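As structure tokens, the structure follows; a few thoughts come after it.
The values are calculated or read from the model by the stated rules, or taken from the named source; none is laboratory data. Just so you know, these numbers come straight off a predicted model, no measurement behind them. Heads up, the Cβs are rebuilt from the backbone with ideal geometry, glycines too, and the neighbour counts pull from every protein chain shown.
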Amino acid sequence: MSVLTGTWTSNFIIANSIKLHYVTQGSGKLILMLHGFPEFWYSWRHQIPEFASHYKVVALDMRGYNDSDKPREVSAYRPEAVIADIKAVIEALDYEQCILVGHDWGGAIAWGFAYAYPEMVEKLIVLNIPHPAKFKDGLWNLEQLQKSWYIFFFQLPILPELFLQADDYRAIAAAFIDMAIDKSTFSSEDLEAYKDAAARRGALTAMVNYYRNIFQGLLDPNRAEEWGLLRVPTLMIWGEDDQALCRELTYG
């Protein structure tokens, strides 16, 4: 049996003029889960059945990832485009609100969505992604600059894709194994699933294109005034040994 099979079902939805893949289980209020880089819906495999006993859980492949469409334009991965996807998904599923859960890039999009459409977010849960204003300010301290080297590397053409693809997608596997405190967390089958998703045609460029838009989006200094008081119940969950983000980004 494939590790991708489980108690959930796999579906596609047309949202914001592109085809997005998701898996779902349960019924009731909507919990929408957004994955990070370099992941896909599979990162929520343990949470889906747990929450499905009380909610309709939808774990999305965000645009550019795994089985979802992969627009070729770099600008197609600006945060506002992905935020528009989330709105369209909620509406296409015939919901007015959701409990929005996001990790890493999924968390960054979740922050942006909650600010853009607070009336559509019953609750916001973010995992290891700071508030956008805090991230923008904190990125420029020396420790965080050292941790964030890859953000600047990903601005280059072609080289990031070659790096991620090299040696049978070794960097993709390393993103999980090297950063994990418990090295047994990810099985060889798990790692193959992540590598297979990254190997989809156009996926690597699409995944990196999120970063190629970061300075025109989440870290744009001209957007600082947008990040005021968020009137949505919010929970932040943070792994203190995160190797990419300093825990100080949670302060304030």
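Structural remarks
- Residues of segment 99-137 satisfying the condition of being under 10 Å from the mean Cα position of the chain (by Cα), within 14 Å of residue 238 (Cβ to Cβ) and part of a helix (DSSP H, G or I): 107
- Residues in segment 68-102 that are among the charged types (D, E, K, R), buried (at least 17 other Cβ atoms within 10 Å of the Cβ) and under 17 Å from residue 32 (Cα atoms): 85 only.
- First in segment 139-160 and of a type in the set (Phe, Trp, Tyr), second anywhere and loosely packed, with under 13 Cβ neighbours inside 10 Å, Cβ under 9 Å, 6 or more apart: 153/159
- Test: residue in segment 40-48 that is under 24 Å from residue 122 (Cβ atoms) and in a loop (DSSP other than H, G, I, E, B): yes
- Unique residue being over 15 Å from residue 111 (Cβ atoms), of a type in the set (A, V, I, L, M) and either at pLDDT 95 or above or in contact with a strand residue (DSSP E or B) (Cβ under 8 Å, 6 or more places away or on another chain) (or both) when the list is 204, 235, 230: 204
- Selection within segment 1-35 - part of a loop (DSSP other than H, G, I, E, B), of a type in the set (A, V, I, L, M, F, W, C) and within 19 Å of the chain's Cα centre (by Cα): 4
- For segment 55-77, the tally of residues that are in a helix (DSSP H, G or I), among the hydrophobic types (A, V, I, L, M, F, W, C) and within 23 Å of residue 101 (Cβ to Cβ) stands at 0.
- Residue that is modelled with pLDDT under 95, of a type in the set (D, E, K, R) and touching a Ser or Thr at 6+ places or on another chain (Cβ under 8 Å), where the choices are 134, 123: 134
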